[in-house]
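First the structure, in the form of structure tokens, and then the observations on it.
The values are calculated or read from the model by the stated rules, or taken from the named source; none is laboratory data. The shown structure was predicted, so the numbers you read here are calculated from the model rather than taken from an experiment. For neighbour counting, all protein chains shown are included, and Cβ atoms are generated from backbone atoms with ideal geometry for every residue, glycine included. We work out accessible area using only protein heavy atoms, side chains counted, and drop any ligands, DNA or RNA first. Shrake-Rupley method; radii C 1.70, N 1.55, O 1.52, S 1.80 Å.
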Number of protein chains: 2
Amino acid sequence: MKIAIAQLNPTIGDIPANADRILTIATECLRNDVQLLLTPELSLCGYPPRDLLLKPEFIDNMWTNLEYLATSFPEGVTGLIGFAERNPEAAAKGEKPLYNSMALIQDNEIKQIFRKRLLPTYDVFDEARYFQPGNSPNHFTLDGIHIGVTICEDLWNDEEFWGKRAYEVNPIADLAALNVDFTVNLSASPYTMGKQKIREQMLQHLATRFNQPIIYVNQVGANDDLIFDGGSCVVNKDGMLCDRLPQMQEYSRGVVWENQTFTSVAAPAVLLDESAELYAALVLGVKDYARKCGFKQALLGLSGGIDSALVATIAADALGAENVLGILMPSPYSSDHSITDAVALAQNLGIKTQTVPIEPMMKSFDSSLAEMFADTEFGVAEENLQSRIRGTLLMGIANKFNYLLITTGNKSEMAVGYCTLYGDMNGGLAAIADVPKTKIFALCKWLNRATEIIPTNIITKPPSAELKPGQVDQDSLPEYDILDDILERFVQKHESPKQIIDAGHDDAIVTKVLRLVKIAEFKRRQAAPGLKVTDLAFGTGWRMPIAQRWS
Amino acid sequence: MKIAIAQLNPTIGDIPANADRILTIATECLRNDVQLLLTPELSLCGYPPRDLLLKPEFIDNMWTNLEYLATSFPEGVTGLIGFAERNPEAAAKGEKPLYNSMALIQDNEIKQIFRKRLLPTYDVFDEARYFQPGNSPNHFTLDGIHIGVTICEDLWNDEEFWGKRAYEVNPIADLAALNVDFTVNLSASPYTMGKQKIREQMLQHLATRFNQPIIYVNQVGANDDLIFDGGSCVVNKDGMLCDRLPQMQEYSRGVVWENQTFTSVAAPAVLLDESAELYAALVLGVKDYARKCGFKQALLGLSGGIDSALVATIAADALGAENVLGILMPSPYSSDHSITDAVALAQNLGIKTQTVPIEPMMKSFDSSLAEMFADTEFGVAEENLQSRIRGTLLMGIANKFNYLLITTGNKSEMAVGYCTLYGDMNGGLAAIADVPKTKIFALCKWLNRATEIIPTNIITKPPSAELKPGQVDQDSLPEYDILDDILERFVQKHESPKQIIDAGHDDAIVTKVLRLVKIAEFKRRQAAPGLKVTDLAFGTGWRMPIAQRWS
């Protein structure tokens, strides 16, 4: 039997278009003698649909399109299609209104429905908000082959692999007890750095532990802050990886099931190395946000610094250099290299630039505020004014020409609030908001591995916001390798101040950094969506109160 | 037996201070012969603690303070204290890491622990993210009296009252079967308009249906976007309301249990009428956000319009007129009345004002952008520039003098995006972001019921953003009563476009409004926290994708 993996990039809520895309692939399946077509979790609406799930007509529309697919699928091709299913017994039994389901369509009918059993509620996931968990193992038989069905999280609860359980049941154990021939896992699993390796290790562990080959099908493409990385793969019961689809691109292909073993029809895609993977994820994130929101062109402020240099490079790869505009906005405090470095970068990338000096606006704000600010010293208020003038210029240009403004802040500065709300934080998408500064240096060095794309001076000069004469970041912050380690321990690992100090960090620095993280919460709450690439991003998975006094 | 209701206003995460406040009240209890002290849900850490619950030392600290309370409580006073309890079996059983619990402290010990059974996951609630539900009825005996314990949502699942069930079990039915003498409900139930009436009707229904008196204890005070309105009350088994604590203020008092009936020690507080209640809620929201974030003073832009007039009035009541600064920022497009009305308002309120005309900044931006904007027409980009100049001025003043900037947008304009991101949306708190425009008119008329606080011309003139000559809101939007009805149907009731049109609205207007709501999502994502006063606010309870194509 030939089985096709459709690693799809749906647009959230574009149900008819998503259905048509599935149908197109089903038609190809017929030509290639494929009998079973696998699509990702919630493939009809895209993942995550979030509160669109609360709209009754959204659920109705999915059902209508599912029926359309059932009757339109070519004869001989069976499909597994992801959709949100209304729970008819919700009100009577006091259950959640929906199931996160997969429909088996075959012979012009919806033959069977499989319901996700394990519903994640950690990090960015809110599945208990919408869904009732399924309460029995999911499986079916096709041409005498007994196939287990799991949906994403259903496979992520093996106490042997994780050292603990996160849910009461382990669906693959139930399927093993039913003697399925193999199990499919239909997922929408968001990218984080290094996650694909862990996924494959987990799949290999499960395949050998439960003596079951597994086909893992992942969504690809970015939806707001989440990047889905694809990397669908097939593991045989000896734990050997038999096939892997490319990461970060829509892709479909078949795999052959024969003699209780999967065989690939082509060489497995090579796993991207760490920097290549991260960079490709960020490019996909920018590309899909722009495309799915209807933007063809983007702009950003080019300060001559490393953050905007990296984002300009990502934007040029995502949208084409001809669609990216860099705006240089020097002030009297700007260094000469801020201009020369930015221009050199733009030339390397082939992007357009415009220069708008901000001194005229600085002067008009200063004189308008002179009476109120009399007898005060130059400080953060004046620094922020410069940043907000730049942010206002960028938004003015974006509004005028319908460009997407991409904001360039990194995770380290978002963490400690070393950024200006309504200034450099302005933008529709924060491309590198979840990338720590130390990783930004690493990515830029990687980009320069063959030829110089990021001018060397941008990488080697001391980072500076250039909001007052001679300013550098390290006037206010610890060295970035120290800052990033403290932040990783505090934000991602939930370590206590004592644990961080015990790990070798200076008491006073830790206290200062953690205080900064806390008081910057109000800025992060108003930040643009940032592409998530770590286990814990400041976004939908970070839900901190602002008015609080925990210390 | 005398029982005290402590309607507390905790600060999120300030565990030692919250514990000390409880201890102070317990000491008063001893003086007043009170035997049982009731506190709200999660009274030790305040509700909602959100992701602070993911920090292990936060949970440890709660336990330490609970033990401190147990050993410090005066002899003879029993207390019910809310805290997040670690679930010791979480990893082994695959359960959630915590319980949302109440501890019974008595005789220097933690005698019993009661676990919340029904965990809300709708709207602003994320309890399944943190908590495992308790699985048995909660009750205890004190001086021979058998008392049932429920925590907030535990009482909100009566299928007779609601016409459906939202959870599988109904905890009060279990308690009735155990023949408790009465039940306590320890809550942190956020305010929405008219909710207190529904709560009391529900309590009265439950008391008569299950033949059980009920003491309902609610948290009071605002935490970020949520306002908790207090209004704790006591219902006898005949359904008669025997006591009610004041709404919107911290308050404690006792109630007497004798002959299977509660008797109040003072007259029940009078229920506020609709406008008084809404206004008091908004004042509390501003007051607590400022206080809990450490601000003593606030500023806002005074446009001469009704929104900023209402917010100035709220701010003056919340912080004292002497602590509120209104900034007038006229442009060449401003009408004369924009100044005279704003000045008249400020005089009525007794707040300070400063005037900063924006024309100099408009000119400097215009000339700096002249080359790029050549051959384009005056449009939204130029309108937004004015708004962003004002937003930048306000933030400059706020930064310089450490004032809280309160933003003045209403729900109707937030819904359709009739507001400028990084402009008039700037601010730490959005005081009336969940109040529809029609309600704003009603509130201002109510404020003027005795004397003129809001100058009449502000209420009667046509609303205008004054961003171009002669502009009024209704150039771009339908009349506000039509707009607000469409929005309420679409946003709060999840009605489909067809249902809204069938209700009598014009097809073209509905289509336009719903399109505006969708494309404004990116603005709302970056909005300041807005005080929630309706069943569905654009805030933590509104989780819509941005890059989506559902229509």
request  = Output yes when any residue across the range B:63-80 is open to solvent by less than 40 Å² (accessible area, probe 1.4 Å), on the phi > 0 side of the Ramachandran plot and among the small types (Gly, Ala, Ser), and no when none is.
outcome  = no
ask   = Is it the case that some residue within the range B:417-426 is open to solvent by less than 10 Å² (accessible area, probe 1.4 Å) and not in a loop (DSSP other than H, G, I, E, B)?
value = no
task = Being under 20 Å from residue B:481 (Cβ atoms) and part of a loop (DSSP other than H, G, I, E, B) is the filter here, so list the residues in the range B:449-470 that pass it.
result = B:454, B:461, B:462, B:463, B:464, B:465
query = How many of the residues in the range A:507-549 are part of a loop (DSSP other than H, G, I, E, B) and either under 25 Å from residue B:395 (Cα atoms) or free of Cβ contacts under 8 Å to residues at least 12 places away in the same chain (or both)?
reply = 13
ask   = Restricting the search to the range B:511-551, which residues are over 20 Å from residue A:293 (Cβ atoms), in contact with a helix residue (DSSP H, G or I) (Cβ under 7 Å, 6 or more places away or on another chain) and within 7 Å of chain A (Cβ to nearest Cβ)?
value = B:529
message = Which count do you get for residues in the range B:320-335 that are open to solvent by less than 10 Å² (accessible area, probe 1.4 Å) and either of a type in the set (S, T, N, Q) or closer than 19 Å to residue B:388 by Cβ (or both)?
response = 2
task = Give the range A:359-373 a look and list any residue that's over 15 Å from residue B:391 (Cα atoms), within 8 Å of chain B (Cβ to nearest Cβ) and not polar (S, T, N, Q), or say none.
result = A:360, A:363, A:372, A:373
query = Looking at (1) more than 14 Å from every other protein chain (Cβ to nearest Cβ); (2) surrounded by 16 or more Cβ atoms within 10 Å (Cβ to Cβ), which is the one condition that is false for residue A:354?
reply = (1)
key: Filter pass, residue A:346 being facing chain B (nearest Cβ under 8 Å), touching a Lys or Arg at 6+ places or on another chain (Cβ under 9 Å), open to solvent by less than 10 Å² (accessible area, probe 1.4 Å) and outside any loop (DSSP other than H, G, I, E, B)   = no
inquiry  = Suppose the filter is over 22 Å from residue A:134 (Cα atoms), more than 27 Å from the chain's Cα centre (by Cα) and within 13 Å of chain B (Cβ to nearest Cβ); does residue A:57 pass it?
reply    = yes
ask   = Given (1) within 23 Å of residue B:551 (Cα to Cα); (2) more than 14 Å from every other protein chain (Cβ to nearest Cβ); (3) open to solvent by 50 Å² or more (accessible area, probe 1.4 Å); (4) modelled with pLDDT under 95, where does residue B:476 come up short, assuming only one miss?
value = (3)
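Could you pull out the residue among A:307, A:317 that is open to solvent by less than 60 Å² (accessible area, probe 1.4 Å), among the charged types (D, E, K, R) and at pLDDT 95 or above? Break it down stepwise before answering.
Values: A:317 fails: open to solvent by less than 60 Å² (accessible area, probe 1.4 Å).
Sole residue among the options that is open to solvent by less than 60 Å² (accessible area, probe 1.4 Å), among the charged types (D, E, K, R) and at pLDDT 95 or above: A:307.
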request  = Test residue A:456 against the criterion of being of a type in the set (Val, Ile, Thr) and more than 23 Å from the chain's Cα centre (by Cα), and give yes or no.
outcome  = yes
message = Here is a check on your reading of the model: is residue B:101 over 24 Å from residue B:265 (Cβ atoms) and surrounded by 19 or more Cβ atoms within 10 Å (Cβ to Cβ)?
response = yes
task = Go through the range B:401-414 residue by residue and tally those that are assigned to a helix (DSSP H, G or I) and either within 15 Å of residue B:533 (Cα to Cα) or under 18 Å from the mean Cα position of the chain (by Cα) (or both).
result = 3
message = Quick test of your reading of the structure: residue B:338 fulfils all but one of (1) open to solvent by less than 30 Å² (accessible area, probe 1.4 Å); (2) more than 10 Å from every other protein chain (Cβ to nearest Cβ); (3) under 30 Å from the mean Cα position of the chain (by Cα). Name the failing condition by number.
response = (3)
request  = Considering only the range B:431-445, state which residues are open to solvent by 10 Å² or more (accessible area, probe 1.4 Å) and not in a helix (DSSP H, G or I).
outcome  = B:433, B:436
Selected residue (criterion: nearest to the other protein chains (Cβ to nearest Cβ)) from residues of the range B:374-396 that are surrounded by fewer than 20 Cβ atoms within 10 Å (Cβ to Cβ) and assigned to a helix (DSSP H, G or I) = B:381
request  = Answer yes or no: is there a residue in the range B:246-255 that is open to solvent by less than 10 Å² (accessible area, probe 1.4 Å) and closer than 29 Å to residue B:456 by Cβ.
outcome  = no
ask   = Which condition number in (1) open to solvent by less than 20 Å² (accessible area, probe 1.4 Å); (2) more than 10 Å from chain A (Cβ to nearest Cβ) is the one that residue B:128 fails?
value = (2)
inquiry  = So for the range B:155-166 (the condition being open to solvent by less than 10 Å² (accessible area, probe 1.4 Å), within 14 Å of chain A (Cβ to nearest Cβ), in a loop (DSSP other than H, G, I, E, B) and among the polar types (S, T, N, Q)), does at least one residue qualify?
reply    = yes
ask   = Can you name the residue in the range B:489-503 that is facing chain A (nearest Cβ under 10 Å) and in contact (Cβ under 8 Å) with a residue 12 or more places away in the chain and is also surrounded by the fewest Cβ atoms within 10 Å (Cβ to Cβ) among such residues?
value = B:497
